[in-house]
Amino acid sequence: MGSGGAGHARGLYVRGSSPVHALPPHCKLVAVLCFVLAVVSTPREAVGAFAVYALLLAAVVRLARVPFRTWLGRLVIEVPFVAFAVLLPFVAEGPRVEWLGLSLSEPGLWGAWNVLAKGTLGVAASVLLAATTELRALLLGLQRLRLPPQLVQIASFMLRYGDLIADEMRRMRVARASRGFEARGVRHWGVLAKSAGALFIRSYERGERVHLAMLSRGYTGTVPVIDEVTATRAQWARTAVLPASALAVCLAGWLLR
């Protein structure tokens, strides 16, 4: 697995030499998964627990020396979930409460809070993982965790050729613009639909050529692992601090509920 692919995701990674960057990728993957499980398992009524989770993540961000503005700015990816959560108090059934002249569902408010709090923390943890781990290292970490090789290869190829498809789209857009085309309404959707069809055919043909080239070089369905990723007990212990703290907060949330 080379490092030349997935250039479209280079912007996610923040180069650094912090202790978080130095941790093995499979350790960080397990830590983020356990952290998210602890967050999801926390009762929604334990409002203070979610504030503690946010503080834990902020501490890791500080340790990783990732700019807070960068970290917070990338949370906009969850905007669709926020829109869904905002609608819940209006469409959910159950007892109603009045707020600023609006009749809101009490279960809907709790549901919106549940989606926002847990979704935001999950996205924030994922963004932090992407900011401190290169994509190539993440794929090696998935291999180390014994994820099915086919899934790892699919993810690897997807990241590699996402840039190629994006470049093809850009060239097609430039070609349309050079011919005076500008999409301004429904009557131009036909041209865009034909462009999408042409993009699919070109991508499929390129995939066929790449597959044949790989077969001619001895590809048998598996990609050899060149870099073996290992972790020491000390690294596992350092990585376990975040999920262990989250588990303690989760248990406290249930006990103090």
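Screening the stretch 75-127 for residues that are farther than 30 Å from ARG65 by Cβ and hydroxyl-bearing (Ser, Thr, Tyr) and picking the one that is surrounded by the fewest Cβ atoms within 10 Å (Cβ to Cβ) gives SER103.
For every residue, the table says whether it meets (1) closer than 19 Å to GLY111 by Cα; (2) assigned by TED's automatic domain parsing to the domain that holds ILE165; (3) of a type in the set (Ser, Thr, Tyr).
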{"residue": "TYR13", "(1), (2), (3)": "no, no, yes"}
{"residue": "HIS26", "(1), (2), (3)": "no, no, no"}
{"residue": "VAL30", "(1), (2), (3)": "no, no, no"}
{"residue": "LEU33", "(1), (2), (3)": "no, no, no"}
{"residue": "ALA58", "(1), (2), (3)": "no, no, no"}
{"residue": "LEU63", "(1), (2), (3)": "no, no, no"}
{"residue": "PHE81", "(1), (2), (3)": "yes, no, no"}
{"residue": "PHE90", "(1), (2), (3)": "yes, no, no"}
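Under the condition of being touching a residue at least 12 places away in the same chain (Cβ under 8 Å) and of a type in the set (Val, Ile, Thr), which residue from the stretch 66-106 is farthest from HIS21 (Cα to Cα)? My answer is VAL97. Can you pull out every residue in the stretch 54-74 that is within 16 Å of the chain's Cα centre (by Cα) and surrounded by fewer than 15 Cβ atoms within 10 Å (Cβ to Cβ)? Matches in the stretch 54-74: THR70, LEU72, GLY73.
Of all the listed residues (ALA130, ALA155, ALA166), the sole one being under 30 Å from VAL36 (Cβ atoms) and exposed (fewer than 15 other Cβ atoms within 10 Å of the Cβ) is ALA166. Checked against (1) at pLDDT below 80; (2) in a helix (DSSP H, G or I); (3) of a type in the set (S, T, N, Q); (4) more than 23 Å from LEU135 (Cβ to Cβ), SER156 passes all but a single condition, namely (4). In the stretch 231-252, of all residues being farther than 16 Å from TYR53 by Cα and without any contact (Cβ under 8 Å) to a residue 40 or more places away in the chain, the one that is nearest to the chain's Cα centre (by Cα) corresponds to ALA237. No other residue among LEU121, LEU138 is in contact with a Pro (Cβ under 8 Å, 6 or more places away or on another chain), modelled with pLDDT of 85 or more, in a helix (DSSP H, G or I) and of a type outside the set (Gly, Ala, Ser) apart from LEU138.
Kindly indicate whether any position in the stretch 214-227 is farther than 30 Å from LEU147 by Cα, β-branched (Val, Ile, Thr) and surrounded by 10 or more Cβ atoms within 10 Å (Cβ to Cβ).
Among the residues of the stretch 214-227, not one is farther than 30 Å from LEU147 by Cα, β-branched (Val, Ile, Thr) and surrounded by 10 or more Cβ atoms within 10 Å (Cβ to Cβ), which makes the answer no.
The values are calculated or read from the model by the stated rules, or taken from the named source; none is laboratory data. Predicted, not measured: the structure shown is a model, and the values here were computed from it. Here Cβ is always computed from backbone atoms with ideal geometry, including for glycine, and neighbour counts include all displayed protein chains.
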